[in-house]
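Written below as structure tokens is the structure these notes are about.
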Amino acid sequence: IAAGNPPRIVGRTDFASTALHGARYVQMQSLLVVLQATFGLGATIASWMALTPVIALLDEKGPHWWELPTIGPLLMLAPSIFALAAIPLAKLVLVRRFVPGEFPLFGWLYVRWTLLETLLGRVEESTTSQFNGTVFAQFFYESMGAQVGHAAVLMGSPIGGEFDLKNI
């Protein structure tokens, strides 16, 4: 591993000795695809189910033209907001807490970490980037396990989901 300018060696790694191969690799990658589909579609379906009372308030003949400006943005934002709310829950269920250490490449922890990164990436552009510099960003980081100081202003991307290892 090289860092700096000019580059200097700061560490060495050997991914081949810890990487999974063969059937175990295929099993973990298949599990990752299933989990991504489950969590991704689950948040979208939950958001639409939560909006059912709002839609039920509309006339049986459908929304009138004057109702669309009020419910349109809500219908478009709901999947992102529900996915954002599901991420701390998914982290709690899947990982509980990240700890420093060395873990096998493509192993079970890698699958769970990749799933969390996928969920974060799904809402990063549409939702979390809008929270930069607000108390909502601090609340999100803390709900994911980061230790955030009371006067901290968070302006970055939440990608890099090992929040338990962050002390800001």
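The values are calculated or read from the model by the stated rules, or taken from the named source; none is laboratory data. Predicted, not measured: the structure shown is a model, and the values here were computed from it. When we count neighbours, we look across all protein chains shown, and the Cβ atoms used for this are built from the backbone with ideal geometry, even at glycine. Protein only, heavy atoms only, side chains kept; ligands, DNA and RNA dropped before computing areas. Shrake-Rupley method; radii C 1.70, N 1.55, O 1.52, S 1.80 Å.
Give the accessible surface of segment 89-139 per residue, rounded to a whole number of Å², with probe radius 1.4 Å and ligands, DNA and RNA excluded. Walk me through the numbers on the way to the answer.
Values: 2980 Å² over 51 residues.
Averaged over the residues of segment 89-139, the accessible area is 58 Å².
Please work out how much accessible surface residue 155 shows to a 1.4 Å probe, ignoring ligands, DNA and RNA, in Å² rounded to 10.
Near enough 130 Å² of accessible area.
Only sites in a loop by DSSP and with at most 12 other Cβ atoms within 10 Å count here; which trypsin sites (Lys or Arg not before Pro) in segment 67-102 make the cut?
96, 97
Hey, with R₀ at 41 Å, roughly what FRET efficiency would residue 150 and residue 36 work out to, going by the Cβ-Cβ distance, to 0.05? Please list the in-between numbers first.
Working: r = 35 Å, r/R0 = 0.86.
Plugging the Cβ-Cβ distance into 1/(1 + (r/R0)^6) gives 0.70.
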